[in-house]
1. State whether the residues of the stretch 143-157 include one that is closer than 23 Å to Lys105 by Cα and polar (S, T, N, Q).
2. Before we move on, is Ser56 farther than 26 Å from Cys183 by Cβ and either part of a helix (DSSP H, G or I) or modelled with pLDDT of 95 or more (or both)?
3. Can you find, within the stretch 224-272, the residue that is surrounded by the most Cβ atoms within 10 Å (Cβ to Cβ) among those that are more than 21 Å from Ile191 (Cα to Cα) and modelled with pLDDT under 70?
4. If I ask for residues that are among the aliphatic types (A, V, I, L, M) and either at pLDDT 80 or above or closer than 16 Å to Glu168 by Cβ (or both), which ones from the stretch 204-223 would you list?
5. What's the total number of residues in the stretch 121-138 that are in contact (Cβ under 8 Å) with a residue 60 or more places away in the chain and surrounded by fewer than 23 Cβ atoms within 10 Å (Cβ to Cβ)?
6. Being modelled with pLDDT of 55 or more, assigned to a helix (DSSP H, G or I) and within 19 Å of Ser140 (Cα to Cα) is true for just one of Leu45, Leu49, Leu104, Leu115. Which residue is that?
7. Which of the residues that make up the stretch 114-135 are more than 12 Å from the chain's Cα centre (by Cα) and closer than 17 Å to Asp189 by Cβ?
Amino acid sequence: MGFDVTLTRGGVLSVANAAKTVYGLSSDVDRLFEEAANNLNLQALVSFLQQLCRASQAQLFENSQSSPSITMTNPTMPSKSISTAGKLSNVTSLHLYRVADVMLKCVRDDGRPLLHVMQVWGVVAPHLVEAACHKERQVSKKAVAAIHDVLTELLSRKTELPHFNFHESLFKPFESMLCLELCDDDVQDQIVSSICELVEASASNIKSGWRPLFGALRAVRVHKQRITDDDRIQHHTAPVFDVFEAFLNTDNVFVFANAAIDCILCLLKFVRGPGQ
């Protein structure tokens, strides 16, 4: 410990010393997570995040009779039996924030090879999908924002090489969240907005991520009440058509051939409208 405190008579901390203790412990905890992200080897880091995700899962769903089930080794196949817990009193103290922070630090660490990031994402992504389906809006919002931040950093820092498909697993959580049909309209809108922002910023580097991206957009629920007002439907679909335009303007033949069918099926869904 890097701090000293003095007990009052009777073994009770004074207010000033208690504040120093809390501050010191908080600093040590922050340093623990930072050093874990930067210094642990791959095996230790994966084990660390597995335990952290389990702790976060227990915290988020501790009141449920059956815990959520998403295969940790395969974020593409989440279970539909996700249950939610009661109200959480202090969302800022959730382990979910630590999970997202450690993942982001791993991505930003230039010393970590891409293989490490791929392994860690396979652990973290399923838990973020679970959290995004939580009934507490602040929890689901944080989970979606965490996925968005990780993808933004990776797409800006790493380029997917030919014949690799890591970006497909990067975008798969968006498809999983929408296909679960457990996200409310606000979460769905946040996911669509996140996809549009990522395409606008890094369309040329999405590559194998286009297929799950279109899979996510195909799963978007367009409710009938939204089509009663032309301005609202235009506001809802205009950014999505920008996504199609960005894909169709790609100059990479292999990328286009890999996701062309998914693009067409997704485009037909939006052209036909809800219920078609």
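The values are calculated or read from the model by the stated rules, or taken from the named source; none is laboratory data. Worth saying up front: this structure is predicted, and the values here are computed from it rather than measured. Every residue, glycine as well, gets a Cβ built from its backbone with ideal geometry; the counts of neighbours run over all protein chains shown.
1. yes
2. Considered against the rule, which asks whether it is farther than 26 Å from Cys183 by Cβ and either part of a helix (DSSP H, G or I) or modelled with pLDDT of 95 or more (or both), Ser56 comes out as no.
3. Once the filter is applied, the top-ranked residue is Asp229.
4. Ile206, Leu213, Ala216, Leu217, Ala219, Val220
5. Qualifying residue count, the stretch 121-138: 1.
6. Leu104
7. His134, Lys135
Okay, residues lined up against (1) of a type in the set (D, E, K, R); (2) in a helix (DSSP H, G or I); (3) in contact (Cβ under 8 Å) with a residue 24 or more places away in the chain; (4) farther than 15 Å from Ile147 by Cβ:
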residue	(1), (2), (3), (4)
Lys172	yes, yes, yes, no
Leu178	no, yes, yes, no
Gln190	no, yes, yes, no
Glu197	yes, yes, yes, no
Ser202	no, yes, yes, no
Ser208	no, yes, yes, yes
Arg211	yes, yes, yes, yes
Ala216	no, yes, yes, no
Arg221	yes, no, yes, yes
